[in-house]
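So the structure is just underneath, and the comments pick up after that.
The values are calculated or read from the model by the stated rules, or taken from the named source; none is laboratory data. Here the structure is a predicted model, which means the values were calculated and not measured. Don't worry about glycine lacking a Cβ; one is built from the backbone with ideal geometry, like all the others, and counts go over all protein chains shown.
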Amino acid sequence: MAEQTKLWSGTLQANAEQGVKTGLTLNTRDPNITITVTGTTKFGSGFPEVGPEGDPNYTNPKVILPSANEGACLMKIGDHLMKVGAGLSDWTIRYDGELTFLYNDVPGEYADNTGAYNINITKTPVVWNGTLEATNEQGVKTGVTVNTADKITITVTGEGTSWPGHGPFGPDGFPGSTNQFDPSANSAAVLMRIGTGPYRLVGTGISDWPVAEDGEIAFFYNDAPGAYGDNSGSFEITLTVY
């Protein structure tokens, strides 16, 4: 499994009836997440200590999620409430909305609870590998959709020529020409575009770049429109979304 990226860590106090907001807004397009929960709590002075799964020997139809044990760790995404327990591994996000953690108890009866759960959230980076041919005027779509909460790293290797006998040049292209479709970047350079946003120079790559707009990532070879037929070469691209 790819190395996990930390998203959030915090503490859910057992007496916090409103739970703890993470400040994270999840989206079904996001990478899978892993949640780990540790710690012990009591849901009243006369009850035993329990872990994040709650007390399997005690059910109460009055708790906020009756299908889960009392004392269990829960999460709410938007309007959807569900059990987390001791955690979820490589979990596919099913709903859009802000993520809040809650303690499963009876409304109005949180004051005598004690203890807390420590919660950590990580996500699995999305990795895409592909090839951009210098002859491909339409570019190559990755199928990877990002949003402004993401960061990306891109590495590019290879060489291409924008006409016979000239070059080859690496992913940074060459300066001095302005007839390519993005004249602000070197000719024969590797570019990217996110959704309907602007074209941006990638060159040999970028590292931990904060995504500026939402949409699918695509890569392009910077040449004059209609002049791709005599190009040659290709570039190998690795895209990682954190």
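For (1) under 12 Å from Phe219 (Cα atoms); (2) aliphatic (A, V, I, L, M); (3) loosely packed, with under 15 Cβ neighbours inside 10 Å, each residue gets a yes or a no:
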position	(1), (2), (3)
Ile119	no, yes, no
Lys123	no, no, no
Glu137	yes, no, no
Asp150	no, no, no
Ile154	yes, yes, no
Thr161	no, no, no
His166	no, no, yes
Pro171	yes, no, no
Gly176	no, no, yes
(message) Looking at the structure I just gave you, is Phe181 in contact (Cβ under 8 Å) with a residue 24 or more places away in the chain and surrounded by 14 or more Cβ atoms within 10 Å (Cβ to Cβ)?
(response) yes
(request) Tell me which residues, restricted to segment 1-32, are modelled with pLDDT of 95 or more, part of a loop (DSSP other than H, G, I, E, B) and surrounded by 14 or more Cβ atoms within 10 Å (Cβ to Cβ). (result) Ala14, Asn15, Ala16, Glu17, Gly19
(request) Report whether or not Val84 is in contact with a Leu (Cβ under 8 Å, 6 or more places away or on another chain), surrounded by 15 or more Cβ atoms within 10 Å (Cβ to Cβ) and within 30 Å of Ala227 (Cα to Cα). (result) no
(request) Quick one: which residue in Tyr110, Tyr103, Tyr117, Tyr95 is over 30 Å from Glu49 (Cα atoms), modelled with pLDDT of 95 or more and outside the structural domain of Phe220 (by TED's automatic domain parsing)? (result) Tyr95
(message) Please pick out the residue among Leu201, Leu239 that is surrounded by 18 or more Cβ atoms within 10 Å (Cβ to Cβ) and of a type in the set (A, V, I, L, M).
(response) Leu239
